[in-house]
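These notes concern the structure reproduced below.
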Amino acid sequence: MAFGDFTIEKGSPLPMGATLTKSGVNFSIFSRHAKAITLLLFENDSPDSACKGLQLDPWKNRTGDVWHCHIPGLDAGALYLYKADGPFQPEKGFRFNQYKALLDPYAKAITDPAYRDEKGAYTYNLGDPALDLSFSYKDNIYTLPRCVVIDDAFDWQEDQPLNYPLRFSVIYETHVRGLTKHSSSRTHHPGTYKGVIEKIPFFKELGVTSIEFLPVHEFNEEEINRKNPRTGEKLVNYWGYSTVSFFAPKISYSSDRTPGGNVREFKEMVRELHKAGLEVILDVVFNHTAEGNELGPTYSFRGLDNSVYYILDENRRYYKNYSGCGNTMNCNNTVVHNLIMDCLHYWVIEMHVDGFRFDLGSILGRDQKGNVMDNPPMLENIAEDPILRHTKIIAEAWDAGGAYQVGWFPGGRWAEWNDKYRDNVRMYWRGDPFEVRYLATRLSGSSDLYLKDGRKPFHSINFITSHDGFTMNDLVSYDEKHNEENGEENKDGNNNNYSFNTGIEGPTNDITVFKMRERLMKNFFTTLMLSLGTPMILGGDEFGRTQRGNNNAYCQDNEISWYDWSLLEKNSDLFRFVKKLIAFRLRHPGFMRPEFFTGKGGRYNSAPDITWFDAKGNMPEWDRLENCLAFRLEGSKANNLADRDDNDFFIMFNSSAEQSPFTVPDSKRWFRSIDTALPSPDDILTPGMEHPIPTNGIYLVKPRSMVALISK
């Protein structure tokens with residue numbers, strides 16, 4: 001068939017998007033208020049490719065609000081866009097522009113956007129005094145990336161999502177590009193999905209179970225117009241929290257840049273990670289899009305039906321901005337609700353991912369006027385959906401509009417990023433007085449947050465650091481943020497980091513300071529792995545990665561953010577400690593119990609499941625404890641409620657600047673397993689090689705350190 005010789009058949013309104021049939025491709029797209037829809041077909045992916053516009057018949061090719069057609073003779077790899085004509089009345093919420101090409105919201109891939117001309121994506125005239133009320137007649141069909149028709153067939157080799165229970169998981173948060181982009185990564189395909197595959201032996205050695213990727217949905221890297229004031233280089237959107245296409249894996253993370261090659265490469269990455277026993281969790285951004293506020297570009301949603309896809313202000317020219325990024329998706333509108341559910345189903349069924357972390361998840365619980373709902377259909381449907389029943393769903397349970405729902409996120413089975421855990425543990429190890437009682441609550445699974453609505457300890461995603469904030473090395477090296485290179489005069493980023501520079505701001509050659517920083521990092525990791533809940537570590541922390549004090553490196557696609565793998569050798573003692581610590585946690589069911597502690601004995605064991613002590617071995621007076629705390633964990637199966645009996649443990653914490661003698665219970669023979677104050681390899685001992693402690697019942701815990709004893 002010669003290009004341009006197309007027949008337009010009626011087609012079907014479902015499924016949405018572009019779907020291969022036995023004889024061609026079915027196209028289906030939503031627009032309630034458009035009066036005309038044109039399908040644009042391209043001969044190839046070159047900027048000057050031949051293009052054929054096919055206008056759909058509103059009588060024949062429309063069912064309700066869905067426009068559809070079938071084009072015989074097309075196959076996988078076909079390239080397409082849309083145009084939508086309708087009212088341009090910004091003050092009423094309508095922003096149609098018949099001259100602007102639009103992406104299919106259901107596109108499973110888009111072409112390499114390297115030639116994109118951002119100026120063409122604006123529906124108004126840049127520089128016009130009327131701003132967004134003006135109308136642009138500039139056609140941009142040759143400067144917008146094209147959607148790609150995808151064949152879902154793939155040799156999965158019988159792979160299925162792993163879906164580990166949360167309580168047996170250790171999550172590793174990382175960035176696809178940053179993981180291997182640095183020259184020290186020594187990968188053949190740096191910064192790509194294939195580069196991730198090359199790091200599988202590292203993940204296996206570390207011992208984590210689940211890899212959580214920062215956004216991989218196609219996003220606009222070029223939306224930032226500032227430059228790095230130190231280097232003069234243009235800053236970019238590095239993190240990816242600015243989605244353009246929810247179904248499409250980011251093509252710049254693929255070594256294969258041919259149309260659809262990114263889909264195949266992403267699937268290969270998932271398959272190989274699964275073969276190695278590693279889950280894949282995606283950080284997803286359904287709360288807003290890259291189209292920004294009324295002055296932003298138009299890629300898709302705004303041009304197809306602005307008033308449906310977004311929550312608009314009372315003055316419908318403007319957008320409600322609960323995301324802090326210019327717009328807010330109208331998640332509890334049926335159309336958007338269905339889009340999100342279809343998207344989640346696609347990534348689970350066709351891409352085999354194991355879970356999702358929902359950025360600014362509270363927005364998914366706002367109604368169509370922006371109010372926070374008690375029982376939001378969107379969140380409840382995700383939680384109860386039968387396809388997603390064993391898929392991990394993790395909420396960032398707040399948004400930029402003031403909603404804060406940690407501990408009471410609606411929907412029943414949601415896990416949550418527990419920022420209270422982060423802050424309380426940071427403050428304790430900084431040495432803040434009277435933080436002990438809060439530390440105890442976080443160690444025991446945050447029952448103050450999750451017990452009341454029937455959730456379990458593992459619904460608390462415990463973390464010390466994440467992409468958003470200091471790395472762990474920087475947490476113990478800087479008192480203040482140093483975001484000058486972001487070009488915002490160091491005004492961006494969180495000012496409340498609860499960090500401690502151990503006496504010197506930033507890098508140092510002082511060996512005493514270096515050793516104390518290493519000890520503090522070991523304290524953080526040990527606290528994390530010995531707490532009830534699901535631990536998450538920030539990638540690179542295990543070998544001391546630094547961002548040079550930048551606690552908001554969202555715009556730094558460079559060595560500030562990339563993993564410097566030479567640190568793996570430089571900080572080998574820390575890496576050894578962390579991997580042994582992860583193995584320690586996963587070996588002992590007492591730290592992964594499925595229920596909260598009761599302080600009572602089990603059915604067949606009268607010993608309490610947990611007992612708290614002060615340094616002298618007495619019951620704590622919680623309001624008077626300043627820096628020292630200990631607890632005994634009863635490991636019998638009856639008490640830990642796990643699958644098998646475990647050892648008993650006695651754990652001691654000392655965040656003060658002075659050493660402290662702790663009284664150890666004399667009812668057991670205790671052996672030292674972990675002491676963060678000791679040099680490697682004595683800081684954590686190999687199973688079976690634990691050292692017996694003195695029989696006088698006293699253990700001297702060094703300043704700013706912690707100790708774990710195990711019974712035999």
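The table for this structure:
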{"item": "Net +/- balance of residues flanking ILE29 in space, Cβ distance below 12 Å, scoring K and R +1, D and E -1", "result": "0"}
{"item": "Charge tally in the Cβ shell below 10 Å around THR471, where Lys, Arg are +1 and Asp, Glu are -1, THR471 excluded", "result": "0"}
{"item": "Order of THR328, THR611 - criterion: other Cβ atoms within 10 Å of each residue's Cβ, fewest first", "result": "THR611, THR328"}
{"item": "Sum of side-chain charges, GLY431 neighbourhood, beta-carbon under 10 Å (Lys, Arg +1; Asp, Glu -1)", "result": "-1"}
{"item": "Fewest-first ranking of VAL148, VAL196, using other Cβ atoms within 10 Å as the exposure measure", "result": "VAL148, VAL196"}
{"item": "Segment 352-391-segment 426-504 distance, computed between alpha-carbon centres (Å)", "result": "26"}
{"item": "Residues with amide H under 5 Å from that of ASN287, placed H, sequence gap 5 or more", "result": "none"}
{"item": "For segment 406-448, the spread of Cα positions along each principal axis, largest first, Å", "result": "37, 14, 11"}
{"item": "Dipole-positive endmost among VAL25, PHE649, TRP67 within the chain (Cβ charges, Cα centre)", "result": "PHE649"}
{"item": "Under 5 Å, built H, 5+ apart or other chain: amide partners of TRP670", "result": "ILE693"}
{"item": "Tail weight of P(r) past 52 Å, computed on alpha-carbon pairs of the chain, percent", "result": "15"}
{"item": "Least to most buried among THR471, THR38 (fewest other Cβ within 10 Å first)", "result": "THR38, THR471"}
{"item": "Tail fraction, Cα-Cα pairs, segment 606-712, threshold 17 Å, whole percent", "result": "54"}
{"item": "On Cα atoms only, tilt of 419-430 relative to the major axis of the chain in degrees", "result": "40"}
{"item": "Overall Cα dimensions of segment 523-583 - principal axes, largest extent first, Å", "result": "34, 26, 15"}
{"item": "Chymotrypsin sites (Phe, Trp or Tyr not before Pro) restricted to DSSP loop in segment 432-494 with at most 16 other C-beta within 10 Å", "result": "PHE434"}
{"item": "The chain: relative contact order in percent, alpha carbon pairs under 8 Å with at least 6 residues between", "result": "10"}
{"item": "Candidate lysines - alpha carbon under 17 Å from LYS100, same-chain residues fewer than 8 apart omitted", "result": "LYS35, LYS52, LYS83, LYS119, LYS138"}
{"item": "Relative contact order %, segment 158-289, counting alpha carbon pairs below 8 Å whose residues are six or more apart", "result": "31"}
{"item": "Per-peptide average of other Cβ atoms within 10 Å, ordering 211-218, 408-415, 77-84, 125-132 highest first", "result": "211-218, 77-84, 408-415, 125-132"}
{"item": "Degrees separating the helix 572-587 axis from the principal Cα axis of the chain, which is the longest one", "result": "90"}
{"item": "Tail weight of P(r) past 16 Å, computed on alpha-carbon pairs of segment 329-372, percent", "result": "43"}
{"item": "At most 10 other Cβ within 10 Å, DSSP loop - trypsin sites (Lys or Arg not before Pro), segment 1-73", "result": "LYS22"}
{"item": "Contact order normalised by residue count of segment 596-711, Cα under 8 Å, 6+ apart, percent", "result": "24"}
{"item": "Cα extents of segment 304-360 along the three principal axes, largest first (Å)", "result": "42, 22, 16"}
{"item": "Rounded to 5, the percent of DSSP beta bridges in the chain classed as antiparallel", "result": "75"}
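Every read-out reported here was derived from the displayed coordinates using simple, explicitly stated rules and does not represent laboratory data. Because the structure is predicted, anything quoted here is derived from the model rather than measured. When we count neighbours, we look across all protein chains shown, and the Cβ atoms used for this are built from the backbone with ideal geometry, even at glycine.
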